[in-house]
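Right, one structure below, let's go through it.
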């Protein structure tokens, strides 16, 4: 089946589910929430989209204006190329990068106080992912840390765990990968295990590995052929679920065994955005202006007719993830540069507004929110600062004048922003 026919099928499926009745939400949804970092991890930015897993920072001491000369505390040149986000724990910042079109891959550690590079550790030699898209590259997956080890997914080069001194603790070969546009999904640190999934032309899977040893705990075959997303862990009443926003279908898995719990149809052929969670629902956006699905978790089998609360065809992103702030779900359409605000409970459009001029580059970084404001950064390094709420209020635009595809990290009143050439610390 051609990609065009796939998209046509997905559009018809999305229209069909609009006509199906959804059960009303009950009081049980208060028990549905993202598995977030607690204790020490909650103080830092230890993984993709931060301690909440949803791009949310706490506190009110973050500056909302900057430029190459304003509110920049330090700037450190970055070697190689990569679009992974920085992660932060204690006095360390960790980032991945690639050299020579992926033939060499490494993890770097910097000191938070001044940006000084502390060490660089190269991944063992191995397969090279030759199919990476120019907006993907070979170092797109954001690492994760538990304060003891740093966990890194290098696609065809496998999984690595390093200690805080840069020593490789273990390395796990995941097997050959033949992924359209290359690999990109970030590892999920869930309890004492690392969970990754890889959709590709053949041999797609989701798997869990012991965080201390790298031993494979389980592996479940997937039928999808395209995807670059990151799984999430959700607490649903008395159990947890691992959710994958995948090709044409959203899946949930048992985190202990890898067995499939439920599936919900309606997404499109190419899916990248990471889901967010709130109001008893999981919000899953799918690529190239596909629909956004609001799914009540906790079901069994095919839940398309029973657990799909609402679907919206408006404003879905291709690359950036959505963000849920209060009552509102925000999304940026990459190419059109249009931000959409949906009522999270109903899926109804609250407003839409344009951020700058639509360009071929558009937006790749996922938005973050702090202190009642939502921040969207485009590929040209322009950050649009919006006031969160029921009206479209663009406060101002910050410009670093450097290509920026990575999402920022926010810790202790400081922004850590990765551009194509530099790592910035922004704050007072």
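No value in this document is a laboratory result; all are computed from the given coordinates. Quick caveat, the model's predicted, so the values are computed rather than measured. Neighbour counts are summed over all protein chains in view; Cβ atoms, including those assigned to glycine, are modelled from backbone coordinates with ideal geometry.
For the range 227-282, take N as its residue count and report Rg(C-alpha) divided by 2.2 N^0.38 Å.
Here the Cα radius of gyration is 1.08 times the empirical estimate.
Work out how much length residue 76 to residue 167 would gain on full extension: take 0.36 nm times their residue separation and subtract the Cα-Cα distance, in nm to one decimal.
Here the answer is 30.5 nm.
For residue 192 and residue 402 in one chain, what is 0.36 nm times their gap in residues minus the Cα-Cα distance, to one decimal in nm?
Taking 0.36 nm per residue and subtracting the Cα distance, the gain is 71.8 nm.
When all alpha-carbon pairs of the range 204-342 are counted, what percent fall beyond 18 Å?
53 percent
At 222 nm, what value in deg cm²/dmol follows for the chain if DSSP H runs of at least 4 each add -39500 (n - 2.57) and the sum is divided by all its residues, to the nearest 500?
Computed ellipticity for the chain at 222 nm equals -1000 deg cm²/dmol.
Taking square-rooted eigenvalues a ≥ b ≥ c of the alpha carbon gyration tensor, is the range 366-420 rounded, prolate or oblate, where a/c under 1.5 means rounded and, failing that, a/b exceeding b/c means prolate?
oblate
Kindly put 412, 238, 114 in sequence by how many other C-beta atoms sit within 10 Å of each C-beta, fewest to most.
Arranged by neighbour count, lowest to highest, 412, 238, 114 become 238, 114, 412.
Once you have a ≥ b ≥ c as the square roots of the Cα gyration tensor eigenvalues for the range 151-264, tell me rounded if a/c is under 1.5, and otherwise prolate or oblate according to whether a/b is larger than b/c.
Oblate is the answer for the range 151-264, as a/c is 1.5 or above yet b/c matches or exceeds a/b.
Most mobile of 269, 134, 330 per a Gaussian network model of the chain (Cα springs, under 10 Å)?
Sorting by GNM fluctuation, first place goes to 134.
Provide the packing ranking of 75-82, 396-403, i.e. peptides ordered by the mean count of other C-beta atoms within 10 Å per residue, highest first.
75-82, 396-403
Quick one: compute the contact order of the range 232-339, relative version, from alpha carbon pairs under 8 angstrom and 6+ residues apart, as a percent.
In percent, rounded to a whole number, it is 19.
What is the order of 295, 323, fewest Cβ neighbours within 10 Å to most?
Ascending Cβ contact count within 10 Å gives the list 323, 295.
Any idea how far the Cα center of the range 395-426 sits from the one of the range 271-301, in Å?
So the two Cα centres are separated by 28 Å.
Where in the range 402-426 does the label zone of residue 371 land, with the point 7 angstrom along Cα→C-beta and an amide N cut-off under 18 Å?
Inside the label zone: 408-417, 425-426.
For the range 260-323, what relative contact order do you get, as a whole percent, if you take Cα pairs closer than 8 Å and at least 6 residues apart?
Normalised by residue count, the contact order of the range 260-323 is 38 percent.
Set the Förster radius R0 to 25 Å, insert the Cβ-Cβ distance between residue 300 and residue 36 as r into 1/(1 + (r/R0)^6), and round the FRET efficiency to 0.05.
0.50
Arrange the following residues from fewest to most other Cβ atoms within 10 Å of their Cβ: 228, 119.
Fewest to most other Cβ atoms nearby, the residues stand as 119, 228.
Can you bin every Cα-Cα distance in the range 320-421 into 10 Å intervals starting at zero and give me the percent of pairs per bin, rounded to whole numbers?
16, 51, 29, 4, 0
Defining a contact as two alpha carbons under 8 Å apart and six or more residues distant in sequence, what relative contact order in percent does the chain show?
16 percent
Take residue 239 and residue 210, extend 7 Å from each Cα along the Cα→Cβ direction, and tell me the distance between the two endpoints in nm.
Result for the modelled spin labels: 2.5 nm.
Please say if the range 69-168 is rounded, prolate or oblate, where rounded means a/c under 1.5 for a ≥ b ≥ c the square roots of the C-alpha gyration tensor eigenvalues, and otherwise the choice is prolate for a/b larger than b/c and oblate otherwise?
Oblate.
What percent antiparallel are the DSSP beta bridges of the range 3-324, to the nearest 5?
95 percent
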